[in-house]
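Here's the structure we're looking at; comments come further down.
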């Protein structure tokens, strides 16, 4: 994983979150009047708070589950410490657990805003596709090559003969690693540029490999057909991972595993990879928070910024449970004592726990 940092010279007050863009574009300039209009136009989104400065609290939205949970007609979401979803709208808290279809439509603004966020994310990844191909294939991302790849492979264990879904596969390097170990892998990614790059590399080993362009919340994969789903640095790039988790439950066989490697929500802050160790206040930790950043890897900056999303641990435990999963293990990949002692890069680039790895089983 490349841990992006804020682009220098672009203060928070000059940056707009994706959810603001379709609205701001209609007004041309941003200022007190524009902010007031944003507040009015985005009021239908529970928990959205648009400010002139500083990072905004973003809503978490979920659609109904494809598979009903025992004792529930649909997967449920919740805000930590709150049981009644209506209370979230009354208090203005971050709306974790509201489906778009059940929210006020106000002329389609809710759906339009969510669609605009998804479209903007895809555009940014298309802009960054060749950048990522270069970073990965030249082995420039030390977080992956020296730490997180090994942690995910260890969590997977022997995979010869397994049918594996690599969700958010990027240019396909991890899917190729699994296929070389005998797995039959399907890689899915929404970025056409990355899928094209993935399909251009030959497979080595006894497994098989195919790639398809699709959103991870609507995949062309049959029900109950997959032994394992791998999400390697995917979740920090999903504004709303709830539907994807439901989709993973759909395609997994009973007893199948879901492995999630993402940024650590308790400790990661802007510029952590540059040695920043600021704590995450409770007012930000207990809400889905997004940060617009550019990737900076081995001295190379990405052409486009991307939004990195972080969520409290209770989001993962609650959403996984309500989608039919049981958390079997939780790990925190970290450098060895020798790496920290003998390599200044790791001492600066890993000031605190930065990754979390969840292993869940489908009931």
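Quick note: the coordinates plus some simple rules give every number you see, no bench work behind them. Owing to the predicted nature of the structure, the values given are computational and were not obtained by experimental measurement. Neighbour counts run over all protein chains shown; Cβ positions are idealised from the backbone, glycine included.
How far apart, in nm, are two points set 7 Å out from the Cα along the Cα-to-Cβ line at residue 279 and at residue 321?
The two pseudo-label positions are separated by 2.7 nm.
Fully extended, how many nm does the chain gain between residue 138 and residue 126 (0.36 nm per residue separation, minus their Cα-Cα distance)?
Full extension from residue 138 to residue 126 adds 2.4 nm.
What is the fewest-to-most order of 292, 343 by other Cβ atoms lying within 10 Å of their Cβ?
343, 292
In nm, to one decimal, how far is the modelled label at residue 340 from the one at residue 196, with both set 7 Å along Cα→Cβ?
4.4 nm
Can you work out the FRET efficiency for the pair residue 224 and residue 363, with r the C-beta to C-beta distance and R0 = 22 Å, to the nearest 0.05?
Step by step, r from the Cβ atoms, then E = 0.95.
If I take R0 = 30 Å and measure r between the Cβ atoms of residue 112 and residue 212 in this structure, what FRET efficiency does the formula 1/(1 + (r/R0)^6) give, to the nearest 0.05?
The pair residue 112/residue 212 has a calculated efficiency of 0.65.
Given labels modelled 7 Å from the Cα in the Cβ direction, how far is it in nm from residue 331 to residue 352?
2.4 nm
Where the centroid of each part is defined by its Cα atoms, how far is region 295-363 from region 169-227 in Å?
Comparing the Cα centres of region 295-363 and region 169-227, I get a distance of 22 Å.
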